[in-house]
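Notes for the one structure printed next.
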Amino acid sequence: MLVLVANLGSTSFKYRLFRMDGQGGEVVAKGGYERVEDYAAVIDDALATLQSDGVISSPDEIEAVGFKTVLGKDLSGCVNADQSVIDSLDGFAAVAPAHNPPYANGIRQFAKSLPKARLVALFETAFYQWTSPASANYAIPRSWREIGIRRYGFHGASHKFVAERSAELCGREDVAAVARRLYQNGPGEVEGAPFRVVSCHLGGSSSVTGIRNGVAIGTSMGFSPQSGLPQNNRVGDLDSGAIPYAMRTLGISLDEAERQLTKESGLLGLSGVSNDIRDVREAADSGNADARLALDALVHSIRHWIGAFLIELGGIDALVFTAGIGENSTDIRAAVCEGLEGFGLKLDTAKNASTRAVEADLSTADSAARILVIPANEELVLAREVYRKLS
Ligand code: ADP
């Protein structure tokens, strides 16, 4: 089955074409466009290129297109990307302005350009469908809850991949099998000891998710992708009282407050240096105290959420690092794991220091729980979910 994974930004379109076969997936072509103004034109150009390059002999060979949609109003899961998906993305366009409009537009375009293909949307919120009401609800008036304000969670594709892969790596094929079919079958019964994972997706945006038997029990991100850990240039968690106070005291409008919290906060806001952790690290190493504070605040927040899920899970079998920072930043991993020996997490510091961007077990032989690096590959995750849904 040929599955095209479409990655749509506000001015970009990237794609990967996968040949899917069982659990395996092979990339047979990839490409992308920047500064896109006319999505219909670039999608048609991509299909024409695949044909002229001999990858496909007709666009009809592409059986499915997968979209990693972010936040739907009243809709989540792995679903057919039809008008209801477009409506749900439109309904929350104001909450995810960088993500929802391009996907709504892209789905419309693909329906025209590939009328025979199955279009599938995998919402980033899908993995959190089974979290408890106690964890999903904010303590706000009913009228606020009725307009959809609650904790949704994001990075669902990445954390679900961690749920599957960590179970495989820890010899829990029973749990891995449940995790793989989660969106088709729902949470399954697992015999024997529960398998407890805390997954740290640390990248341009970051979140920490607790996972029991392949199913998320909670996550650090909430209503919008502005929440949870300090992000690259987005604020992360903030006391709601700070916004009216800052607006009144600094004399700024709501739009300006929103801009500063979404563009000038996070690692960039705290460090004053950069939204990229490599630059922040370099500045901290050369004595910049604000840059040091930014790194410390990120580590503090990661540990805060790991602690929350350790309690809720009643222990831990695997702590997992994934995405750009999680896979590469050896010092962030070391700082996160410091002093966790009492919880069964012993880091092999030499192994940690030499591991970048590859799957690895960083724990010592006598560590009760595993500390793993699992590289993210969100396009493959998407292609797999599309394949599972359709097969
Ligand atoms: P996104 O969340 O945007 O998909 P990534 O998961 O690729 O992004 O993470 C990007 C971030 O990862 C960068 O902003 C940078 O802070 C960090 N990063 C990437 N490569 C490295 C590296 N070699 N060492 C340390 N940090 C890195």
How charged is the neighbourhood of A360? Take every other residue with its Cβ under 11 Å from the Cβ of A360, and add Lys/Arg as +1 and Asp/Glu as -1. 0
Once the other residues with Cβ under 13 Å from the Cβ of S132 are scored (Lys, Arg +1; Asp, Glu -1), what is the net sum? +2
Quick one: Karplus J couplings for region 320-328, per residue in order, coefficients 6.51, -1.76, 1.60, θ = phi - 60°, nearest Hz, x for Gly and Pro? 10, 10, 8, 6, x, 6, x, 7, 10
Inter-label distance, nm, simple model (7 Å from Cα along the C-beta direction), S286/E189: 6.2
Using modelled amide H (1.01 Å from N, peptide plane; none on Pro or chain starts), what sits under 5 Å from the amide H of I371, excluding residues fewer than 5 places away? L319, L362, S363
Whichever lysines have a C-alpha closer than 26 Å to that of K30, once near sequence neighbours (fewer than 8 apart) are set aside: K14, K68, K112, K116, K160, K389
Each residue of region 165-177 in turn: what ³J(HN,Hα) in whole Hz from Karplus with 6.51, -1.76, 1.60 and θ = phi - 60°, glycine and Pro shown as x? 5, 5, 5, 4, 5, 9, x, 9, 4, 4, 6, 4, 5
Positive dipole terminus of the chain, leading residue within G210, Y138, G287 (C-beta point charges): Y138
Cβ charges +1 (Lys, Arg) and -1 (Asp, Glu), total dipole of region 2-122, debye: 220
Can you give the relative contact order of the chain as a percent, counting alpha carbon pairs under 8 Å and 6+ residues apart? 14
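In whole percent, what relative contact order does region 170-378 give with Cα contacts below 8 Å and a gap of six or more residues?
The normalised contact order for region 170-378 reaches 18 percent.
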Mean Cα-pair separation over length for region 2-122, i.e. relative contact order, pairs under 8 Å, 6 or more apart, %: 28
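Can you tell me the order of 1-13, 32-44, 273-285, 154-166 when each peptide is scored by its average per-residue count of other Cβ atoms within 10 angstrom, highest first?
The packing order, highest mean first, is 154-166, 1-13, 273-285, 32-44.
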In angstroms, what radius of gyration and Dmax does region 1-40 have, counting Cα atoms only? 12.0, 37
Quick one: if the Förster radius is 35 Å, what FRET efficiency do D53 and D331 give, using the C-beta to C-beta distance and rounding to 0.05? 0.25
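We did not get these values from a lab; they are worked out from the coordinates using the rules stated. Remember, predicted model here, so these are calculated numbers, not experimental data. Glycine gets a Cβ as well: all are built from the backbone with ideal geometry, and neighbour counts include every protein chain shown.
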